[in-house]
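J.: Please see the structure below; I have some questions.
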Amino acid sequence: MTGRLTDVRRTLAEAPADLVVERFGAELTRAYGAAETELLQVDYRLAALVPLHGGDPVVGAGSPAWRCFDHQAPVVQDGVFYLPVTHRGERLGVLRLAPAPEDPERRDELAEAATALAHELVAVRPGTDKYAVGARTRRLTLAAEMQWELLPGRSRIRPSFSLAGQLEPAYAVRGDSFDWADDGQRLWLSTVNGMGEGVTASMLTCLGTNALRNARRAGLELADQAALADQAIYAYHQGIQHLSALLLELDLRTGVVTAVDAGSPRLLVLREGEVIEQPLDDQFPLGMFDGTIYQSQRFELAVGDRLFIVSDGVVDATSRTARYADTALHRSIRRTRPLAPLEAVRSLLGDLRAFVGSDLIDDAVVVCLDWRGI
């Protein structure tokens, strides 16, 4: 590591939470001669790159900033240098620098600096609202605020898998959500849909998600995780409200998936260009009845499989004349094959919005998982 890069990292570590980008930019000016440094954060809808310090959001896939974001690679255009700001696969946005350095070594160092910035932004976000507010193009509803704070992120990359998810309508989502965690050997993934509207639905989802996390962190088997969450929800709501959920546990070495379907969303596998509906044993939603006993089942992924989880808000979306049925859904999924999971999720939801002719009204969640078997 060069002295310049060491100084950048030290500056990031010492900067106040609300001044990380400003101190970072000043250090890049001193060490690399950058006359302009701007952070473009991706918005909640994955539709705009929003300058932290004001100005028009960048929209349109053909722009250099979006090419950098989509391909996760540096882009130079018209003397401006664009770098992905990404933390362990979680894409926060793009760093825009001018002028672009000619020296390849300096470009490599700046790419490392952009990654260091991403790590620092993740570290300081709990202590300031600056970056959360700066990534918005409109106000979130209270229910949506609660849902976004509940998420583990929107994308995750490890050698054995890539993963991404998105909530819609992004600024007004209510009851749909997802969660994940991994320990290097196993990946746990859940999607949930709390019944009800507004804050009522998001509070139910929050209860269910934290009950599932509590059970998972206690080391319980997947079926027992469902049972504990079921008991927690029933104890509070007495069956008046319940939570549809799909719980998955993937063995990252073998591709064996353990599943518990509790009134869940659809599960589809894209394998060698074909979409396969994965059959699941449908069981009662969490909290519907007192003391439900859940059973797990298993199926296997093949190396290179892409798994999609889509909620009923996707399948049941309608236009003025038609319903977004299986044919359209399968076609959209097949088209995602060359895309990374986050682009795949954006593509599917973009197709859905085009079909509906507007932003989605009902909640929808889409999660995409690639298993590489490494």
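J.: Under 7 Å between Cβ atoms, at least 6 apart or on separate chains: pull out the pairs that start in the stretch 116-128 with a residue that is within 15 Å of Q41 (Cα to Cα) and end on any residue that is of a type in the set (D, E) and modelled with pLDDT under 95.
T.: Correct list of pairs: empty, since none qualify.
J.: What residue, among those in the stretch 326-374 that are of a type in the set (K, R) and in contact with a Gly (Cβ under 8 Å, 6 or more places away or on another chain), is farthest from D70 (Cα to Cα)? Break it down stepwise before answering.
T.: Step one: of the stretch 326-374, the residues of a type in the set (K, R) are 331, 334-335, 337, 346, 353, 372.
In the following step, the residues that additionally are in contact with a Gly (Cβ under 8 Å, 6 or more places away or on another chain) were identified as 334, 337, 372.
Numbers: R334: 19, R337: 15, R372: 20 Å.
Residue satisfying both the conditions and the ranking: R372.
J.: Return the residues of the stretch 215-244 that are among the polar types (S, T, N, Q) and touching a Leu at 6+ places or on another chain (Cβ under 7 Å); say none if nothing qualifies.
T.: Of the residues in the stretch 215-244, the ones among the polar types (S, T, N, Q) are 225, 231, 238, 241, 244.
Matches in the stretch 215-244: Q225, Q241.
J.: Got a sec? Which of L163, L151, L121 is of a type in the set (A, V, I, L, M, F, W, C), under 18 Å from the mean Cα position of the chain (by Cα) and surrounded by fewer than 18 Cβ atoms within 10 Å (Cβ to Cβ)? Reasoning before the result, please.
T.: On the way: L163 fails: surrounded by fewer than 18 Cβ atoms within 10 Å (Cβ to Cβ); L121 fails: surrounded by fewer than 18 Cβ atoms within 10 Å (Cβ to Cβ).
L151 is the lone residue from the list that is of a type in the set (A, V, I, L, M, F, W, C), under 18 Å from the mean Cα position of the chain (by Cα) and surrounded by fewer than 18 Cβ atoms within 10 Å (Cβ to Cβ).
J.: Hey, L348 hits all of (1) over 23 Å from R91 (Cα atoms); (2) within 22 Å of the chain's Cα centre (by Cα); (3) of a type in the set (A, V, I, L, M); (4) modelled with pLDDT of 85 or more but one; which does it fall short on?
T.: (1)
J.: Can you list residue pairs whose Cβ atoms sit under 7 Å apart, with the first residue in the stretch 93-112 being surrounded by fewer than 18 Cβ atoms within 10 Å (Cβ to Cβ) and the second being charged (D, E, K, R)? Count only pairs 6 or more apart in sequence or on different chains.
T.: Every condition considered, the pairs that remain are A98/E36; P101/R107.
J.: Kindly evaluate Q295 against the criterion of being assigned by TED's automatic domain parsing to the domain that holds N193, buried (at least 18 other Cβ atoms within 10 Å of the Cβ) and out of contact with any Lys or Arg (no Cβ under 8 Å at 6 or more places or on another chain). I'd like the intermediate steps shown before the answer.
T.: Values: assigned by TED's automatic domain parsing to the domain that holds N193: yes; buried (at least 18 other Cβ atoms within 10 Å of the Cβ): no; out of contact with any Lys or Arg (no Cβ under 8 Å at 6 or more places or on another chain): yes.
Judged against the criteria, Q295 is not a match.
J.: For the stretch 127-148, check the following and say yes or no: at least one residue is loosely packed, with under 15 Cβ neighbours inside 10 Å, of a type outside the set (A, V, I, L, M, F, W, C) and under 24 Å from Q225 (Cα atoms).
T.: There is no residue in the stretch 127-148 that is loosely packed, with under 15 Cβ neighbours inside 10 Å, of a type outside the set (A, V, I, L, M, F, W, C) and under 24 Å from Q225 (Cα atoms).
J.: Another question about this same structure. Hey, could you check the stretch 174-219 for residues that are free of Cβ contacts under 8 Å to residues at least 24 places away in the same chain, more than 22 Å from the chain's Cα centre (by Cα) and surrounded by fewer than 18 Cβ atoms within 10 Å (Cβ to Cβ) and say which is nearest to E149 (Cα to Cα)?
T.: Taking the candidates together, the pick is E197.
J.: Suppose we filter the stretch 349-366 for residues that are surrounded by fewer than 23 Cβ atoms within 10 Å (Cβ to Cβ) and part of a helix (DSSP H, G or I); how many remain?
T.: Step one: of the stretch 349-366, the residues surrounded by fewer than 23 Cβ atoms within 10 Å (Cβ to Cβ) are 350-362.
Now restrict to residues that are part of a helix (DSSP H, G or I): 350-356.
Qualifying residue count for the region: 7.
J.: Now for a different question. Is there any pair linking a residue in the stretch 16-38 that is more than 23 Å from A123 (Cα to Cα) and in contact (Cβ under 8 Å) with a residue 24 or more places away in the chain to one that is among the polar types (S, T, N, Q) and in a helix (DSSP H, G or I), with Cβ under 8 Å and at least six apart or on different chains, and which?
T.: A35/T29
The values are calculated or read from the model by the stated rules, or taken from the named source; none is laboratory data. Fair warning: this is a prediction, and the values are worked out from it, not measured in the lab. So basically every Cβ, Gly included, is an ideal-geometry build from the backbone, and we count neighbours across all protein chains shown.
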